[in-house]
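A quick write-up on the structure given underneath.
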Amino acid sequence: MTTRRLEGRKVALAVVGLVALLAFDYSPVLRGELLAGRDVFRIFFPDSAFLLESLRTGELPLWTPYMRLGQPFAATLYSQVFYPPRWVAVLVSGHIVSMTVMHIAHAALAAVGVFLLAKRLRASWPASLVAGAMFGLSPMMTDLGIQQNVVDAAAWSGFILLAAYDLALQPGRGPLTRLAIFSTLSLFAGSPETTLWQGIIAVLVAGFVGATRTPGAQGTGTAHSVAHAASPGPSQHEGSEAPRATEGRVANPAASVSSPDGVAFRETSAPAEQQSSARLTLPETHPTGSSSTEDAARAAELPTAHRPLVGPSSQVASALESAPHAASSTTTEPEQSLHVTTAAPHSSRVSRSGLRSRIRAVAAIAGGFILSAILASVVLLPTAEFALNSLRAQGGWSEQLAWSVSWPQVLSSVWPLADWPRDRYWGKDQWFILNLFLGTLPCTLAIVGGLHGPRRARPFLIGALALVLLSLGRHFPPAAWVLQSVPPFSLFRYPAKYFVGTAFCLSVLAAFGLDALGRLARKLPPSRVKAAVAFVLMGAAIAASGPLVRMLPMRASAEAGAPWVPFALGLAVVTVLLLPWSFARPRRVRHGLAALAVLELAAAHSLLGVPRYTPWEALKQPFSLRAFLPEPFQGRISADIEGPEDPTRVGITNTIERSLDRLIPNRFVEERLPALEGYGAPEPLRSDVFHLAGERGAYDLAGVTHYIRKGPPPFEDLELLHQAEDGTTLSRSRTALPRAFLVQRARVVSDEEALEAVLDEDHPFREIAFLATGEPLDQPECAGGSVRIEKSTAQHLELAVSACDDSYLVVSDSYYPGWRATVDGKDTPIHRANHALRAVRLTPGAHRVHFDYAPTSFRLGLALSLLGWAGLGFVWLRARRRA
């Protein structure tokens, strides 16, 4: 069988396995259930509905009029306005089903990306499969479906690191372009913390890979380099026919290996001109007719005493004799090669060359991420503007350490249920990731890979340690200082997000660990007696785990998960000891351990019951209160805005199923009902004291005509329209002001005075505009003024106004930079009125007033993005023409 056909068969089997695992892990979806927990129904359903509405009307959704009297939409990164997969998903499957489709697709993408990265790092097929499954199909990643933007951004991790690795090996337009595009997609997915840790790992990879680049190794940057074909490690030919390369670089990290002729074989990482070397050439064919590289790979699988000589040259035989030591100690980088050299010491000039190579690699990676920031400027600049106009910009914002991973939760990645029961919702434990379990055997393989893996495993080991310490947040003082004081970490909250990066690094290390155990199988002979002893010890450990845990200061549910650890590890040991001795024993050990690791992940999904699903029939029920609202709806509603549901509370039932009828927390967006309240970060400035004031004055000023509450109406004078069986009420107000109205008096006051006026029971804002800027006005109240809304869209408002005297037109929409007003076609300044609203000055007479949202941040960001994409296109076309 040819190598190409064998590789094709492996790819087909991997695809079938991936589909089978997805079908098993997401089997409730096949039964008609969908992801809808936590932020899925709170944020992503409403956002998808508004995005779908905008795509169908052909309007770019920069501003949403439905939340908090209007706020930026594209500037909230998790809205994914510029993320192409989100467009396709919502257009094809609708705003509810699309979230489940997106999650499954990105889980598969995450698994494929890590698999390809592990293969590029010269891991074997089964090791690469374990790495992909551990990251993309672990209970942690599956349960993260409630945080869709994090999953979407993390799904590109393997592809980003793959491009970064190639760029560090051999800088060029191709790897740089791939790194920039994949990083841009990660930014568009809406989790900047994820892109941050991806960049950290990429820089670490560049630092280690760049240190070993040599001028003579520039040609080894491709995925199918001859160095890989000739390498005797487990990653190449598991009993398959080797490529027909006649000249290769035999990888050997041993310091030097002497041949019978007294010539030293030495690993070279210095420039070729620094050493007198001769390339080791393998004969094209073996006397038996098989290729020499195939025999080299097979010989490496055998103990030294049984390894045959390959080829007539004694130097080749000597080189192959060193393969077991090379495989069991440190595997060389793909760019390193075996040269016949004299054992001369490295010079300081060589060290300086290595340092320059490392700096160039790190600079290339940094350039790729800078380019991705330029490509994503269309969303990054509006996001920065929104952050500056949010509560986070206020002094004293201190949510950086909220939801820090606790030490028991770190343990729960290996030991299921070790972190249950958790502390209160906003207490010592984080609730961002509901399940951190990555598998006992996969995590053990990651530890082995970190301790005994090759040099190229070191950046992932350092990344895993650094990110897990960052995720600890308040539980590790140095991490707390970094997260609170060092930009850009201080701009984000929820340190638990960095644990996703830890899982990514561990998955790559697991691949190295599996291959290391495969190499160990050459030295560890099978033994049925030892296997029987291991089985007995496993049973004893399982029996003793319960009493032992009760003696330790561990959480109550840790005892229930304790037997899992010795059972998983015991099965692995028994499997290794039972596999018979043969030429293919290392390969069989890798396959056996890989199968156990994947089966453990599948069993974890079944036994741990993650994630939670909701029947499609319940989610597609229409809004039952629509019949009690006027058509068209011209006012605003007020709904209960609940924070994340606290699982420690008792008695909460069918919240998701009833969320549309109660319009919580943002589901009024799906019904196109503008509201005073809103849920989701970042929170606009003044929203904490104005939008959530809960006072009748704020409701009437904002034009709230209808109230939906789980319970009685909030005010006695409200007219009850409907009461549902669960106690949900719909009531109507008769005192709300219209969306736009005229006043003939205005005062310039401080924010505190304006807020006091809004909350005053006498409602002085009905006759007076309390301005932050502008000119005072004191005219007698006149009759005959009128305001009529001619046209209203998400980003445009047109009014026909007749002013009976000098007046201020007050519009109960949020004041925010980027809005532009014209009166009779002439620009006029917009003033912040009544603490959070808009106002423009008018002269007596009839006027046409237009409000348009056209933020400079978006226009500048769009220009930068277009220039960046145009530059990439020009470079690509130029390279195509040269080719």
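Rule-based calculations on the coordinates, nothing more; no lab input. The shown structure was predicted, so the numbers you read here are calculated from the model rather than taken from an experiment. FYI the Cβ positions are ideal-geometry reconstructions off the backbone, even for glycines, and counts take in every protein chain you see.
Pop the C-beta distance of residue 560 and residue 688 into the FRET formula with R0 = 60 Å and round what comes out to the nearest 0.05.
0.90
Run down the lysines and flag those whose C-alpha is under 22 Å from the C-alpha of residue 119, throwing out any fewer than 8 positions away in its chain.
10
Over all distinct Cα pairs, what is the inverse of the mean 1/r for segment 767-816, reported as the Kirkwood hydrodynamic radius in Å? If you can, show how the numbers build up before the last one.
Numbers: mean 1/r = 0.0777 Å⁻¹.
Radius from the Kirkwood sum: 12.9 Å.
What does the charge count around residue 830 come to, taking other residues whose C-beta lies under 13 Å from its C-beta (Lys +1, Arg +1, Asp -1, Glu -1)?
Numbers: positive: 820, 832, 838, 841; negative: 813, 827, 852.
Charge balance near residue 830 sits at +1.
Using +1 at the Cβ of each Lys and Arg and -1 at the Cβ of each Asp and Glu in segment 592-748, identify which of 614, 594, 706 lies farthest towards the dipole's positive end.
My answer, from the dipole projection, is 706.
Taking segment 437-582 on its own, what percent of its Cα-Cα pair distances exceed 25 Å?
47 percent
So what J values fall out for segment 676-692 if you push phi through Karplus, 6.51 cos²θ - 1.76 cosθ + 1.60 with θ = phi - 60°, rounded to Hz, Gly and Pro as x?
Residue by residue, segment 676-692 yields 6, 8, x, 10, x, 9, x, 8, x, 4, 6, 5, 6, 9, 9, 5, 10 Hz.
Please state the equivalent ellipsoid semi-axes for segment 733-883: what are the square roots of 5 times the Cα gyration tensor eigenvalues, largest first, in whole Å? List each step's numbers first, then the result.
Details: eigenvalues 353, 60, 35 Å².
Ellipsoid semi-axes (Å, largest first): 42, 17, 13.
Expressed in nm², what is the orientationally averaged projection area of the convex hull enclosing the Cα positions of segment 509-570?
Values: hull surface 22.4 nm².
For segment 509-570, the mean projected area of the Cα convex hull comes to 5.6 nm².
For segment 98-144, state the semi-axes of the equivalent ellipsoid (square roots of 5 times the eigenvalues of the alpha-carbon gyration tensor), sorted largest first and rounded to whole angstrom.
Working: eigenvalues 96, 21, 7 Å².
Calculated on Cα positions only, the semi-axes equal 22, 10, 6 Å.
When ranked by the protection proxy of mean other Cβ atoms within 10 Å per residue, highest first, what sequence do the peptides 699-712, 158-171, 613-626 form? Spell out each step's value before the answer.
On the way: 699-712: 21.0, 158-171: 26.0, 613-626: 14.7.
Peptide ranking by packing, descending: 158-171, 699-712, 613-626.
What residues have an amide H closer than 5 Å to that of residue 638, excluding those fewer than 5 places away on the same chain, when H is modeled at 1.01 Å from N in the peptide plane?
706, 707, 708
Quick one: what do you get for segment 606-744 if you divide its Cα Rg by 2.2 N^0.38 Å? Don't skip to the end; give the middle numbers.
Numbers: Rg = 16.7 Å, N = 139, 2.2 N^0.38 = 14.3 Å.
Ratio of Rg to 2.2 N^0.38 Å for segment 606-744: 1.16.
Using amide H atoms built 1.01 Å from N in the peptide plane, name the residues 5+ places from residue 64, or on other chains, whose amide H lies under 5 Å from its own.
Distant-sequence amide H within range of residue 64: 71, 73.
What value in Å³ per residue do you get for the convex hull of the alpha-carbon atoms in segment 37-153? Walk me through the numbers on the way to the answer.
Details: hull volume 11.9 nm³, N = 117.
Here the figure is 102 Å³ per residue.
By how many nm would the segment from residue 13 to residue 854 grow when fully extended, if each residue of separation counts as 0.36 nm and the alpha-carbon distance is taken off? Could you put the intermediate results ahead of the total?
Numbers: separation 841, 0.36 × 841 = 302.76 nm, distance 5.17 nm.
Full extension of this stretch gives 297.6 nm more.
Students often check this: by mean Cβ neighbours within 10 Å, which of 410-422, 682-694, 785-797 ranks highest, and how do the rest follow? It would help to have the intermediate numbers written out before the result.
Values: 410-422: 21.5, 682-694: 19.0, 785-797: 15.8.
Highest mean packing first, the order is 410-422, 682-694, 785-797.
List the lysines whose Cα lies under 24 Å from the Cα of residue 497, skipping any in the same chain that are fewer than 8 positions away.
By straight Cα distance, residue 497 reaches 428.
In whole Å and largest first, what semi-axes does the C-alpha gyration tensor of segment 378-512 yield when each eigenvalue is scaled by 5 and square-rooted?
Working: eigenvalues 171, 73, 30 Å².
Semi-axis lengths for segment 378-512 are 29, 19, 12 Å.
Over segment 123-214, what is the relative contact order in whole percent, taking alpha-carbon pairs under 8 Å and six or more residues apart? Write out the running numbers ahead of the final one.
Values: 74 pairs, mean separation 28.1, N = 92.
Over segment 123-214, the number comes to 31 percent.
Mind checking which lysines have their Cα closer than 22 Å to the Cα of residue 826? Skip sequence neighbours fewer than 8 apart in that chain.
Reachable lysines: 791.
Quick check on packing: order 841-848, 182-189 by the mean number of other C-beta atoms within 10 Å, highest mean leading. It would help to have the intermediate numbers written out before the result.
On the way: 841-848: 15.2, 182-189: 26.1.
Those peptides, ordered most packed to least, come out 182-189, 841-848.
Take the Cα radius of gyration of segment 520-655 and divide it by 2.2 N^0.38 Å, with N its residue count; two decimals is plenty.
On the way: Rg = 26.4 Å, N = 136, 2.2 N^0.38 = 14.2 Å.
It is 1.85.
Check which residues have an amide H placed less than 5 Å from residue 769's amide H, if you skip close sequence neighbours.
Sorted by chain and number, the residues that satisfy this are 745, 746, 747.
About the Cα centre of segment 358-433, what is the dipole size in debye to 20, counting +1 per Lys and Arg Cβ and -1 per Asp and Glu Cβ, all else neutral? Before the final figure, lay out the partial values.
Working: 6 positive and 5 negative charges, 52 e Å.
The dipole of segment 358-433 has a size of about 260 debye.
Which value in nm describes the separation of the simple spin-label points at residue 802 and residue 750, placed 7 Å from the Cα toward the beta carbon?
4.2 nm
About its Cα centre, what dipole magnitude does segment 565-706 give when the only charges are +1 on Lys and Arg Cβ and -1 on Asp and Glu Cβ, stated in debye to the nearest 20? Display every interim value, and only then the final one.
Working: 15 positive and 16 negative charges, 211 e Å.
So the magnitude is around 1020 debye.
If you stretched the chain out fully between residue 620 and residue 451, how much longer would it get, using 0.36 nm times the residue separation minus the C-alpha to C-alpha distance?
Values: separation 169, 0.36 × 169 = 60.84 nm, distance 5.14 nm.
Difference between extended and current length: 55.7 nm.
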